[in-house]
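Structure, as structure tokens:
The values are calculated or read from the model by the stated rules, or taken from the named source; none is laboratory data. All values reported here derive from a predicted model rather than from experimental measurement. Please note: Cβ atoms are built from the backbone with ideal geometry, for glycine as well, and neighbour counts cover all protein chains shown.
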Amino acid sequence: MKRLLMLLPLVIFLVVAVFLYRGLFLDPSELPSALIGKPLPAFSLPSVEDEQRVITAEDLKGKPALVNVWATWCVACKVEHPVLNRLAAQGVVIHGVNYKDDNAAALKWLNEFHDPYQLNIRDERGSLGLDLGVYGAPETFLIDKQGIIRHKFVGVIDDRVWREQLAALYQELVDE
Amino acid sequence: MKRLIRGALLGLFLVTTAQAAIDTYEFSDEAERERYRTLTEELRCPKCQNQNIADSNAPIAMDLRQEIFRMLEEGKSNDQIVDYLVDRYGDFVRYKPPVNAKTMLLWYGPVGLLVLGFGVLTVILVRRRRVEKAPASTLSETERERLAQLLDKKDS
């Protein structure tokens, strides 16, 4: 009994050490989304290309898709853009939310760098962004065919992120 | 003189930039202003994580301040406003997390550790007292005589 008690500090140390070691590799800036498992918030906003065209959450249903929150003022979005172009060419469905942006600048950007988005929602006032809990572009949501948010990725999607994290999740949603 | 003018100009510049960071909201009464202050101080900015919404200059914090002001004007209660933000950003935005199964350890862990510490301390103290009392009762009459003899021998 005494012997075992003497081991107690070592055990406590090991438990704490394991926790702290794990903590070294966690990214505190990555917040779990409060919206996982919930449907896309209801909205009714014009599209980037055509102000008369109104897009609602219903329009995003039917196929699993990536919903990419982007803006021309977002430097990291520029890095991400070619990757999205490539994914769109592979047949991945990507919708855009142009978040708190100048629409003319957005159109120019799409003209210059190619447009990977099937639907591009014009969220000039950031109301949809707020409902989605967006705190910094780029952010990407994975939705299933019922329009339920299944996953959220904060930051730049590069080839590695796609290969290692998102591709499998997207495939799963397609196969559902 | 030139230095004085330059200093004054610099001072003026600093004053204007300092004011630029402060939003100007017209509250309908003092109680509402007070509620706005507590809410923005208790809610955490999702972008700049160690600042509250009141302190942060991030665009998202600015939006959230405006959103909180709007909801106050609409007559929403504090709980409704906090819930609105938690629905979007998760429990993360609260500097005061709610008590639930997930946060049990956070809320009651320290108290638990304190009680455990006192428990261990009590056990140690009780044992020590027992050990202190022990010698008097365990030595027999002859043993005690022998002990006295031995001690005397050493002294002489």
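Quick notes
- Test result for B:ASP63, of a type outside the set (A, V, I, L, M, F, W, C), part of a helix (DSSP H, G or I), more than 10 Å from chain A (Cβ to nearest Cβ) and out of contact with any strand residue (DSSP E or B) (no Cβ under 9 Å at 6 or more places or on another chain): no
- For the range A:119-132, a residue qualifies if it is away from chain B (no Cβ under 14 Å) and within 16 Å of the chain's Cα centre (by Cα), and the qualifying residues are A:LEU119, A:ASN120, A:ILE121.
- Members of the range A:143-166 that are in a helix (DSSP H, G or I), loosely packed, with under 15 Cβ neighbours inside 10 Å and not polar (S, T, N, Q): A:ASP159, A:ARG160, A:ARG163, A:GLU164
- Selection count, the range A:72-128, where residues are part of a helix (DSSP H, G or I) and among the acidic types (Asp, Glu): 2
- Among the residues of the range B:72-85, the ones that are buried (at least 18 other Cβ atoms within 10 Å of the Cβ) and more than 26 Å from the chain's Cα centre (by Cα) come to 1 in all.
- Among the conditions (1) touching a residue at least 12 places away in the same chain (Cβ under 8 Å); (2) within 12 Å of chain A (Cβ to nearest Cβ), B:PHE69 misses just one, which is (2).
- Residues that are farther than 30 Å from A:LYS2 by Cα, within 11 Å of chain A (Cβ to nearest Cβ) and either among the hydrophobic types (A, V, I, L, M, F, W, C) or part of a helix (DSSP H, G or I) (or both), drawn from the range B:84-129: B:TYR84, B:LEU85, B:VAL86, B:ASP87, B:ARG88, B:TYR89, B:ASP91, B:PHE92, B:VAL93
- Criterion violated by A:TYR135 - all others in (1) under 24 Å from B:ILE60 (Cβ atoms); (2) at pLDDT 90 or above; (3) assigned to a loop (DSSP other than H, G, I, E, B); (4) under 17 Å from the mean Cα position of the chain (by Cα) satisfied: (2)
- Scanning the range A:63-82 turns up at least one residue that is surrounded by 13 or more Cβ atoms within 10 Å (Cβ to Cβ), modelled with pLDDT of 90 or more, within 14 Å of chain B (Cβ to nearest Cβ) and touching a strand residue (DSSP E or B) at 6+ places or on another chain (Cβ under 6 Å).
- Matching entry among A:LEU142, A:LEU173, A:LEU119, A:LEU130 (being without any contact (Cβ under 8 Å) to a residue 24 or more places away in the chain and under 28 Å from A:SER44 (Cβ atoms)): A:LEU130
- When the range A:32-62 is limited to residues that are among the aliphatic types (A, V, I, L, M) and assigned to a loop (DSSP other than H, G, I, E, B), the one that is farthest from the other protein chains (Cβ to nearest Cβ) turns out to be A:VAL48.
- Qualifying positions in the range A:98-118 - more than 11 Å from chain B (Cβ to nearest Cβ), within 25 Å of B:ALA58 (Cβ to Cβ) and touching a helix residue (DSSP H, G or I) at 6+ places or on another chain (Cβ under 6 Å): A:ASN98
- Single match in B:LYS153, B:LYS47, B:LYS133 (criterion: among the charged types (D, E, K, R) and assigned to a loop (DSSP other than H, G, I, E, B)): B:LYS47
- The range B:66-98: number of residues that are out of contact with any strand residue (DSSP E or B) (no Cβ under 8 Å at 6 or more places or on another chain), of a type in the set (Phe, Trp, Tyr) and over 13 Å from A:VAL134 (Cα atoms): 2
- When B:GLU73, B:GLU30, B:GLU26 are screened for being of a type outside the set (A, V, I, L, M) and in contact with a Ser or Thr (Cβ under 9 Å, 6 or more places away or on another chain), only B:GLU73 passes.
- Of residues in the range A:20-31 being part of a loop (DSSP other than H, G, I, E, B) and either in contact with an Asp or Glu (Cβ under 9 Å, 6 or more places away or on another chain) or more than 10 Å from chain B (Cβ to nearest Cβ) (or both), the one modelled with the lowest pLDDT: A:GLU30
- The lone exception for A:VAL134 - which of (1) surrounded by 24 or more Cβ atoms within 10 Å (Cβ to Cβ); (2) of a type in the set (Val, Ile, Thr); (3) in contact with a Pro (Cβ under 7 Å, 6 or more places away or on another chain) it fails: (3)
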